[in-house]
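Read the structure below first, then the notes.
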Amino acid sequence: MDFLQYAKDKHEIEQVYNLYCDLVDQKQFDAMTGVFTHDAVGDYSTAYKNVVNGVEPLIKSMHNNLGTGSNCGATHHNVLNFRVTVSGDIAESRAHYYAVHKGLNAFEGQIYSMWGEYHDFWARTAQGWRVKERFYSIFLTEGPNEICGRP
């Protein structure tokens, strides 16, 4: 692969990470089809002891844990330290994240912050790069994690 193609692919993948953060922070979870493939696997087993199979269950989980009726109000997600390798129409990446969640209900006035890493495997689709498999790790947290859940 030539450098210009790699730089273009890396940039496009980084933009999907940015889109993911924007969609979460704007609570537009239904648009996650612009981030994940239809059959994406989200492995959250190291953090939450679960694996989510498919974008629709992933979207439902986001609505449940961060959306209307949850303990989670405004959020702010950031991604950085991108490490991307591309091989044709597949890619692997790691990106660190920092996310802040404002508590609602019994958690009003509290903040839950987390630092971790997305380890993703990507597929180039007709619509652009999409996450096919995500391994989600949390390195450090501060505050009550129940903010990311339902009362």
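The values are calculated or read from the model by the stated rules, or taken from the named source; none is laboratory data. Please read all numbers here as calculations on a predicted model, not as lab measurements. Note that each Cβ is placed from the backbone with ideal geometry, even for glycine, and that neighbours are counted across all protein chains shown.
Brief remarks follow.
- With respect to the stated conditions, LYS27 is charged (D, E, K, R), on the phi > 0 side of the Ramachandran plot and surrounded by 15 or more Cβ atoms within 10 Å (Cβ to Cβ).
- Checked against the criterion of being within 20 Å of GLU146 (Cα to Cα) and touching a Cys at 6+ places or on another chain (Cβ under 9 Å), region 49-68 has at least one qualifying residue.
- Among the residues of region 107-151, those identified as closer than 14 Å to GLY42 by Cα and either exposed (fewer than 14 other Cβ atoms within 10 Å of the Cβ) or without any contact (Cβ under 8 Å) to a residue 40 or more places away in the chain (or both) are GLU117, HIS119, ASP120, PHE121.
- The criterion of at least 3 residues that are in contact with a helix residue (DSSP H, G or I) (Cβ under 8 Å, 6 or more places away or on another chain) is met by the following strands (runs of 3 or more DSSP E) wholly inside region 33-151: 36-43, 72-87, 90-103, 111-125, 128-142.
- So THR46, is it within 21 Å of GLU12 (Cβ to Cβ), in contact (Cβ under 8 Å) with a residue 12 or more places away in the chain, surrounded by fewer than 16 Cβ atoms within 10 Å (Cβ to Cβ) and more than 12 Å from the chain's Cα centre (by Cα): no
- Residue match in region 82-98 (condition: aromatic (Phe, Trp, Tyr) and modelled with pLDDT under 95): no
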